[in-house]
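The values are calculated or read from the model by the stated rules, or taken from the named source; none is laboratory data. Computed from a predicted model, the values in this text were never measured in an experiment. So basically every Cβ, Gly included, is an ideal-geometry build from the backbone, and we count neighbours across all protein chains shown. Note: accessible area is taken over every heavy atom of the protein model, side chains too, but ligands, DNA and RNA are not part of it. Shrake-Rupley method; radii C 1.70, N 1.55, O 1.52, S 1.80 Å.
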Amino acid sequence: MATGTEPHLNSGGVHTGTRAAIDAPHLRTDRWWLAPAATAAGLLAFIVYSTWRAFANADYYAAPYVSPFYSPCLAENCEPMRGGPNWELFGSWWGISPAIIILIFPLGFRLTCYYYRKAYYRGFWMSPPACAVAEPHKKYSGETRFPLILQNVHRYFFYAALLVAGILTYDTVLAFRDEDYAWGHMGLGTLVFLANIVLIWAYTLSCHSCRHIVGGKLKHFSKHPVRYRMWQWIGRLNARHMQLAWASLVSVALADFYVYLVASGVFDDPRFF
């Protein structure tokens with residue numbers, strides 16, 4: 001009779017003497033592989049699309065809209081944007097797409113995000129592929145070694161993400177202009193930008209680091225009623241962190257795609273007033 005102290009047939013990875021002595025890799029009978037497969041497909045689709053758009057260096061500005069992939073535009077080779085978030089911090093020596101300069105910050109924020117870590121650990125590395133399913137790796141070191149130990153910089157990427165979200169908010173305000181830069185107008189793109197910035201802020205503020213910054217290290221919530229209220233509010237957002245992560249990922253891609261369609265002349269931005 002097998003016991004928990006006897007060695008397993010496969011002594012590598014999670015199959016050690018402290019685990020249940022069963023020959024099957026798992027006992028799940030449902031389609032547990034659907035979730036990690038769909039996650040990997042969704043993330044891969046975004047990676048392919050965003051890589052294409054980031055390196056395209058074209059069709060990212062159609063007054064008054066600027067793609068969130070290119071905002072702020074910090075190179076001399078940026079498209080002229082009247083009143084827009086473009087500052088020529090990188091001179092003529094910068095010869096590739098200006099999107100590469102800024103995308104490192106929202107990319108770093110999402111790459112080190114607690115939810116996204118779970119998503120791509122399961123979807124791409126199968127570490128583990130699902131709950132109660134053993135991973136195929138022979139060793140497990142968590143996030144204690146390079147490069148995964150760099151995940152600890154998430155909080156600092158959160159600060160950068162706040163700045164980026166602030167600039168995208170400015171872009172949304174600029175979207176209340178028309179193609180001649182006159183204020184007091186609204187087009188379909190304005191609604192696209194509004195939906196995107198709401199989801200971007202909701203996802204950013206639902207971050208676990210934000211929740212800790214607001215309510216962490218407090219011994220008595222009663223002495224900090226404002227922070228306690230904020231902590232409760234962010235906690236409710238945090239409970240929807242996964243949904244907000246996906247919704248904001250889709251919305252930022254759709255906002256960029258909308259700008260691309262208008263800038264490339266596929267159609268004119270429909271105007272409401």
>> Please list 3J(HN,Hα) in residue order for region 231-244, calculated via the Karplus relation 6.51 cos²θ - 1.76 cosθ + 1.60 where θ = phi - 60°; whole Hz, with x for glycine and proline.
In response: 4, 5, 5, 5, x, 5, 5, 4, 5, 10, 4, 5, 5, 5
> In whole Å, how far is the Cα centre of region 97-130 from that of region 232-252?
Replying inline: 15
> How far is helix 188-205 tilted off the main Cα axis of the chain, in degrees rounded to 10, range 0 to 90?
Replying inline: 40
>> Quick one: the Cα spread of region 71-205 along its three principal axes, in angstroms, biggest first?
In response: 61, 36, 21
> What's the long-distance tail for region 154-214, i.e. % of Cα pairs beyond 13 Å?
Replying inline: 63
> If each Cα of the chain is one equal point scatterer, what is log10 of I(q)/I(0) from the Debye formula at q = 0.07, 0.09, 0.13, 0.17 Å⁻¹?
Replying inline: -0.35, -0.55, -0.97, -1.32
>> I'm a student and want to see the number: the projected area of the Cα convex hull of region 140-180, averaged over all directions, in nm².
In response: 4.4
>> So if I place +1 on the C-beta of Lys and Arg and -1 on the C-beta of Asp and Glu, and nothing else carries charge, what would the dipole magnitude of the chain be about its Cα centre? I want it in debye, nearest 20.
In response: 1640
> In nm, what is the difference between 0.36 nm times the number of residues separating R117 and H137 and their Cα-Cα distance?
Replying inline: 5.5 nm
> HN-Hα J couplings of region 209-225 from phi, Karplus 6.51/-1.76/1.60, θ = phi - 60°, integer Hz, Gly and Pro as x?
Replying inline: 5, 5, 4, 6, 4, 6, x, x, 6, 9, 7, 9, 5, 4, 8, 9, x
> Tell me, what does the Kirkwood hydrodynamic radius of region 93-139 come to in angstroms if you use every pair of distinct C-alpha atoms?
Replying inline: 12.8
> What is the set of long-range amide H partners of L89 at a cut-off below 5 Å, with H atoms built 1.01 Å from backbone N?
Replying inline: A75
> Roughly how large, in nm² to one decimal, is the mean projection of the convex hull of the alpha-carbon atoms in region 94-171?
Replying inline: 7.3
>> Under the rule of at least 5 residues apart or a separate chain, name every residue whose amide H is placed under 5 Å from the amide H of G187.
In response: F272
> So how much slack lies between L44 and R271, counting 0.36 nm per residue of separation and subtracting their Cα-Cα distance, in nm?
Replying inline: 78.3 nm
> Where the accessible area of region 55-150 is counted over protein heavy atoms with a 1.4 Å probe, how much of it, in %, is carbon and sulfur?
Replying inline: 63
> Three principal axis extents, largest first, for the C-alpha atoms of region 130-273, in Å?
Replying inline: 56, 48, 26
> Listed highest first by mean packing, meaning other Cβ atoms within 10 Å per residue, what order do 94-101, 106-113, 220-227, 58-65 come in?
Replying inline: 58-65, 106-113, 94-101, 220-227
> Using the heavy atoms of the protein chains alone and a 1.4 angstrom probe, what is the accessible area of region 207-256 per residue in square angstrom?
Replying inline: 62
>> Using a probe radius of 1.4 Å on heavy atoms only, what accessible surface per residue do you get for region 113-179? Whole Å² is fine.
In response: 57
> About the Cα centre of region 61-199, what is the dipole size in debye to 20, counting +1 per Lys and Arg Cβ and -1 per Asp and Glu Cβ, all else neutral?
Replying inline: 980
> Out of V259, V198, L237, whose Cα points farthest toward the positive end of the dipole of region 189-273 (charges: +1 Lys, Arg; -1 Asp, Glu; placed on Cβ)?
Replying inline: L237
> Using a simple charge model, +1 on the beta-carbon of Lys and Arg, -1 on the beta-carbon of Asp and Glu, nothing else, what dipole does region 114-273 show about its Cα centre, in debye to the nearest 20?
Replying inline: 1480
> So what is the 222 nm mean residue ellipticity for the chain from helices alone, if each DSSP H run of at least 4 adds -39500 (n - 2.57) and you divide by all residues, rounding to the nearest 500 deg cm²/dmol?
Replying inline: -16000 deg cm²/dmol
